[in-house]
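Here is the structure we will look at, set down as structure tokens.
The values are calculated or read from the model by the stated rules, or taken from the named source; none is laboratory data. Note that the coordinates shown come from a computational prediction; the quantities given were computed from them, not determined experimentally. Note: ideal-geometry Cβ built from the backbone for every residue, glycine included; neighbour counts use all protein chains shown.
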Amino acid sequence: MLKVEGVYQSYRRSGLLRRTNHEVLRNIGFEWEKGECLGIIGESGSGKSTLGRLLLGIDKPVRGSITFDGKPIADRKTRRGAISAVFQDYTSSINPFYTVRQAILEPLRLRKSENESFDFGSLLREVGLDESYLDRYPHELSGGEAQRVCIARAVASKPACILLDEAISSLDGSVQMQVLELLRNLRETFGMGYIFITHDIQAAAYLCDRMMIIRGGEIEELVRTEELANVQSPYAKELLRKVIS
Amino acid sequence: MMPLKRLLKDKWASVSLAVVAATLLIGVFAPLLAPHSPNEANMALRFAGASWSYPLGNDHLGRCILSRLIYGIRPSVLWVLAALGASASVGAALGFAAGYFRGKIDAVIMRICDIMLSFPGYVMTLAIVGMLGAGLTNILVAFVMMKWAWFARVIRSAVMPLADADYVKFSKVLGMGSFAIIRRHVVPVALPELAVIASGAFGSMILQISGLSFLGLGIQAPHAEWGMMMNEARAVMFTRPELMLAPGLSIITVVSAVNFLSDALQKAIDPKLMLTGKRAKDGGGKWTSDLGKKEVA
């Protein structure tokens, strides 16, 4: 279980004479249950990617705590095997000197137990690719293929939670749909949960159980997807209206 | 492997590589290749012209010029290479640390570099040589002390965009340690660029060492060094110009070869050319813009 309590994040801007604090996140608090898919929806600049970095433990919040099963997420021992990620920019998601095999092997190497006989073929087929991709380099893959490899890499170590930070936003329409479908199937197969960060409310609605709408660094609304139609806050209503019209 | 193949396709690059490699080999095997001892004076042959046993003639003490040229490779090229290696590794270690960890580490290292770089290089080298005394070792020490800061700077700015890449972020998420990440994901990707930076600096370092030796601050008298050979030939510049031409042309040849090689290396490892196949078109733009940034920095 991932628990976020009273998280504040701000960046210091040092001017010539005085320093100003630019607050990016204010009083964020929510819980993510195992196996759940939680959508974090917000426009650019709403602080959703900053929140993503905090959830991944890459950055530490100024105030508040983020814990995974009671242990702080910023401790890298907590993260091992517990959490994984897929990022937006598939061009820089895989080391350019690594083959697909090496890329997928990386999370496995950290969990030495499954090292010897890993079935690359079935994993790749699971994400809609096959063994022939194993010895390819990232620059030989298309965007959709690269993102599938990234998903396979994230799934390989069977983490409890995968954070998808705008993972489908840089793909084109039909491929987006395929990847969403794939994520849904993977969830059924492996029983893992997602935290799905996106600006695309439709994609989130397709995949997520609950949705958290953030705006200007604050949680605007946290609803179950089924109850999306009767959101309370004016901003969430506005967002929905835009999508429907 | 691929970059080397591409490098060899370029005619100028292969010639330069051959020249540099040959120079290094001749320098290493100088005792086997030199026809005479470089310090063996023979006043009977003073200013003698070219002959079969002395192909490039003899200098003002009757020493074999060819042998002196060959032995001169050692201080002029090999020792410069060692100094380059030393300063580049110090600079690389600090540059990687600064570029990867950022924050306070970066600030401290960069401020030290700022201080080092605010001294004028030549004056500082002269000051160090003045304190420690003339001699090749002291010059090389001065070089390492002056150059590491520059390397740290340049390498830091090369490492910074690499440390931002998503695959580094992903490894962090997995809980991999910083040093493992640097070793696996930052160093290998930065290495080709490091090679370009180092080879670019190599040429100018050869020139500077020769320059300092020309001024009499480098290697001491009986030993051969290209800059010093030019200084010795200065007295007879108009009557026996070939004495000056031999070391002069050697310097020009080696430095040009190094510079050509550095340029070709840059071309050979340009990631734009590395993109083959499907993604070449849409991936190309991003890489170029990244590269442009680095060149400015």
Can you pull out every residue in the stretch A:1-45 that is loosely packed, with under 15 Cβ neighbours inside 10 Å and not in a strand (DSSP E or B)? A:MET1, A:GLY15, A:LEU16, A:LEU17, A:ARG18, A:GLU33, A:LYS34, A:GLY35, A:GLU43, A:SER44, A:GLY45
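Output yes when any residue across the stretch A:175-187 is of a type in the set (Val, Ile, Thr), within 10 Å of A:GLY39 (Cβ to Cβ) and either touching an Asp or Glu at 6+ places or on another chain (Cβ under 8 Å) or surrounded by 14 or more Cβ atoms within 10 Å (Cβ to Cβ) (or both), and no when none is. Write out each step before concluding.
Taking the stretch A:175-187 first, the residues of a type in the set (Val, Ile, Thr) are A:175, A:179.
Imposing the further condition that a residue be within 10 Å of A:GLY39 (Cβ to Cβ) reduces the set to none.
No, the conditions are met nowhere in the stretch A:175-187.
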How many residues does the stretch B:44-68 contain that are touching a strand residue (DSSP E or B) at 6+ places or on another chain (Cβ under 8 Å) and in contact (Cβ under 8 Å) with a residue 40 or more places away in the chain? 3
Residues to consider are A:ILE151, A:ILE197; find the one that is surrounded by 19 or more Cβ atoms within 10 Å (Cβ to Cβ), of a type in the set (A, V, I, L, M, F, W, C) and not in a helix (DSSP H, G or I). A:ILE197
For the stretch A:90-124, enumerate the residues that are under 25 Å from B:ALA190 (Cβ atoms), in contact with a helix residue (DSSP H, G or I) (Cβ under 6 Å, 6 or more places away or on another chain) and modelled with pLDDT under 85. A:TYR90, A:THR91, A:LEU110
Please work out which one of (1) more than 9 Å from chain B (Cβ to nearest Cβ); (2) touching a residue at least 60 places away in the same chain (Cβ under 8 Å) is the condition A:GLU31 fails and give its number. (2)
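Among the candidates B:LEU78, B:LEU84, B:LEU25, B:LEU32, single out the residue that is part of a helix (DSSP H, G or I), modelled with pLDDT of 85 or more and buried (at least 21 other Cβ atoms within 10 Å of the Cβ). Quick ask: steps written out before the conclusion?
Numbers: B:LEU78 fails: buried (at least 21 other Cβ atoms within 10 Å of the Cβ); B:LEU25 fails: buried (at least 21 other Cβ atoms within 10 Å of the Cβ); B:LEU32 fails: buried (at least 21 other Cβ atoms within 10 Å of the Cβ).
B:LEU84 is the lone residue from the list that is part of a helix (DSSP H, G or I), modelled with pLDDT of 85 or more and buried (at least 21 other Cβ atoms within 10 Å of the Cβ).
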I'd like the full set of residues that are modelled with pLDDT of 90 or more and more than 11 Å from every other protein chain (Cβ to nearest Cβ), limited to the stretch B:175-196. B:PHE179, B:ILE182, B:ARG183
Of (1) in contact (Cβ under 8 Å) with a residue 60 or more places away in the chain; (2) in contact with a Ser or Thr (Cβ under 7 Å, 6 or more places away or on another chain); (3) within 12 Å of chain B (Cβ to nearest Cβ), A:GLU5 satisfies every one except (3)
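Which one is nearest to A:GLU31 (Cα to Cα) among residues in the stretch A:74-95 that are facing chain B (nearest Cβ under 7 Å) and among the hydroxyl-bearing types (Ser, Thr, Tyr)? If you could, list the steps in order and put the result at the bottom.
Start the filter on the stretch A:74-95 by keeping residues that are facing chain B (nearest Cβ under 7 Å), which leaves A:76-77, A:79-80, A:83-85, A:87, A:89, A:91-95.
Filter once more, so that each one left must be among the hydroxyl-bearing types (Ser, Thr, Tyr): A:84, A:91-93.
Values: A:SER84: 17, A:THR91: 32, A:SER92: 30, A:SER93: 28 Å.
Per the stated criteria, the residue is A:SER84.
Of the residues in the stretch A:99-113, how many are in contact (Cβ under 8 Å) with a residue 12 or more places away in the chain and either more than 8 Å from every other protein chain (Cβ to nearest Cβ) or hydrophobic (A, V, I, L, M, F, W, C) (or both)?
Filtering the stretch A:99-113 for residues in contact (Cβ under 8 Å) with a residue 12 or more places away in the chain gives A:99-101, A:103-108, A:110-111.
Imposing the further condition that a residue be either more than 8 Å from every other protein chain (Cβ to nearest Cβ) or hydrophobic (A, V, I, L, M, F, W, C) (or both) reduces the set to A:99-101, A:103-105, A:108, A:110-111.
Residues meeting the conditions: 9.
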Filtering the stretch A:39-73 for residues that are within 13 Å of chain B (Cβ to nearest Cβ), within 16 Å of the chain's Cα centre (by Cα) and over 17 Å from A:MET192 (Cα atoms) leaves a count of 8
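Residues that are crowded, with 19+ Cβ neighbours inside 10 Å, among the aromatic types (Phe, Trp, Tyr) and more than 14 Å from chain A (Cβ to nearest Cβ): does the stretch B:154-168 have at least one?
No, every residue in the stretch B:154-168 fails to be crowded, with 19+ Cβ neighbours inside 10 Å, among the aromatic types (Phe, Trp, Tyr) and more than 14 Å from chain A (Cβ to nearest Cβ).
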What tally of residues in the stretch A:207-222 results from selecting those that are in a loop (DSSP other than H, G, I, E, B) and on the phi < 0 side of the Ramachandran plot? 2
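Identify all residues within the stretch A:129-150 that are away from chain B (no Cβ under 12 Å) and among the aliphatic types (A, V, I, L, M); write none if there are none. Let's see the steps before the verdict.
First, the residues of the stretch A:129-150 that are away from chain B (no Cβ under 12 Å): A:129-135, A:148.
Within the stretch A:129-150, A:LEU129, A:LEU134 meet the criteria.
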